[in-house]
Structure formats: structure tokens, C-alpha cells
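Every read-out reported here was derived from the displayed coordinates using simple, explicitly stated rules and does not represent laboratory data. All of these numbers come straight from a predicted model, not from anything done at the bench. Neighbour counts run over all protein chains shown; Cβ positions are idealised from the backbone, glycine included.
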Amino acid sequence: MPRVIHLDTSFLIRAGVRGTAEDHVLRRWRGKGTRIAISAIAWAEYLCGPLSKQAVESAAELLGEPRAFDALDATLAAHLFNASGRRRGTLPDCMIAAIAMNAQAPLATSNRADFERFTSVGLVLA
């Protein structure tokens, strides 16, 4: 089991609903001591809500400080965007994937189709 797993926005949203598959998986990871993290990009998407104050506080406590998007991430995100066809609306996914890849962490997502195109260049999906 990886020491840290990055969450995509979709996974975090669904994990916040008790009884979902994502909720069960997240509880299992936490029970095994796996650290859960998120990129600043996915965190910003999550905060666009709608969310209760309690949901935001619980997620913030679980995740800690989001991982910032830096120049190395920007370079990789641009490569992913260009290599995957420069599709409109996909840059945030490229940014989220780049941060997870540079952190050497698998990415947990509920929208696997959005991220599977990056597995051939090194993204590991949890």
C-alpha cells in the first residue's frame, strides 16, 4: 500500500457521502495508516461546492495543507495537456495528474476515464 494517495475532486466529493464505495475505500486506507493528500487544484474545485461548513472542516482535517502547484508541476501538466490532444476543459485534470505524479503518489478518482489517458506516461490510479 502506498504511503500517500492523492485524491481527485470527484473522489473527495463521493467519499464525503456515507456508505459510498469511495467512503469505504477511504476508511480502509485510513485504517491502514495511508496518508491522504490533495492538490491545491483539486482542493479549489472541491471548495466551489456547494458544501456545508462541516464538510469543508472535515475534509481540511483529513487532508491537511493541499500540495501547491509549482513550476515542475506546470511543466508536466503542459506536457500532459499537449500529449493528450489539447482538449478543451482538460487542463485542470492535467494539473491534478501532474501534482500526483511529481509527488510519486497514486491518484484516487471516481472519474477514471478523465485520467486513464495519463497512465501510459506514469500516472498510477489508486
- Message: Suppose we look only past 15 Å in the calculated P(r) of the range 33-72. What percent of the Cα-Cα pairs does that tail hold?
- Response: 43 percent
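Can you tell me the length gained on complete extension of the stretch E61 to K32, counting 0.36 nm per residue apart and subtracting the Cα distance?
My answer for the length gained is 8.7 nm.
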- Gained length - R87 relative to A21, 0.36 nm times residue gap less alpha-carbon distance: 20.8 nm
- Task: Pull up all non-local amide H partners of S110: gap of 5 or more, or a different chain, and H-to-H distance under 5 Å with H placed in the peptide plane.
- Result: S10, F11
- If you place +1 on the Cβ of every Lys and Arg and -1 on the Cβ of every Asp and Glu, how big does the dipole about the Cα centre of the chain come out, in debye to the nearest 20? 320 debye
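What value, in deg cm²/dmol to 500, does the helix sum -39500 (n - 2.57) over DSSP H runs of n ≥ 4 give at 222 nm once divided by the residues of the chain?
Values: 7 runs with 66 residues, N = 126.
Helix-only estimate at 222 nm: -15000 deg cm²/dmol.
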- Note on the structure: Length gained if Q54 through V121 is fully extended, taking 0.36 nm per residue and subtracting the Cα-Cα distance, is 20.4 nm
- Message: Kirkwood Rh and Cα-based Rg: tell me the resulting Rg over Rh for the chain, rounded to two decimals.
- Response: 0.95
- Message: Students often check this: by mean Cβ neighbours within 10 Å, which of 80-89, 102-111, 40-49, 58-67 ranks highest, and how do the rest follow?
- Response: 102-111, 40-49, 58-67, 80-89
